[in-house]
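The values are calculated or read from the model by the stated rules, or taken from the named source; none is laboratory data. Since this is a predicted model, take the numbers as computed values, not measurements. Please note: Cβ atoms are built from the backbone with ideal geometry, for glycine as well, and neighbour counts cover all protein chains shown. What goes into the accessible areas is simple: the full protein's heavy atoms, side chains included, and nothing from ligands, DNA or RNA. Shrake-Rupley method; radii C 1.70, N 1.55, O 1.52, S 1.80 Å.
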Amino acid sequence: MRGIVEKGSVAIDGISLTVTMAQKERFEVSVIPHTLSETTLARKKQGEKVNLENDIIGKYVERLLTFDRQDTGGTGVPATKITEEFLLRAGF
């Protein structure tokens, strides 16, 4: 569930869908009739395994929030960390 947010997107078996509701242990997506008729979603059964992939933007944000740039090879570049506080101050 990490990275799934309302109004974001999630791919289910490679089909990109809009998340309409996200809770702690479940989420819902919006599926239009055309998507249902042109994909395998209509044939899915409750409890069937599917492949899920989170929105790439969420992956980038998570990476930025956790990435430490280490001094490599004596460059003298100090380790830095982008924090949630930094992003809030910057207007994000």
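Ordering 1, 21 by accessible surface, largest first, gives 1, 21; the 1.4 Å probe counts only protein heavy atoms, with every chain in place. The residues packed around residue 11, meaning those with a beta-carbon under 11 Å from its beta-carbon, carry a net charge of -3 if Lys and Arg are +1 and Asp and Glu are -1. Under the simplified labelling scheme, the residue 44-residue 85 pair shows an inter-label distance of 4.1 nm, with each label point 7 Å from Cα along Cα→Cβ.
With +1 on each Lys and Arg Cβ and -1 on each Asp and Glu Cβ, and nothing else charged, work out how big the dipole of the stretch 1-73 is about its Cα centre, in Debye to the nearest 20.
The dipole magnitude comes to about 200 debye.
Solvent-accessible area per residue in the stretch 1-68 equals 79 Å², computed with a 1.4 angstrom probe and all protein chains kept.
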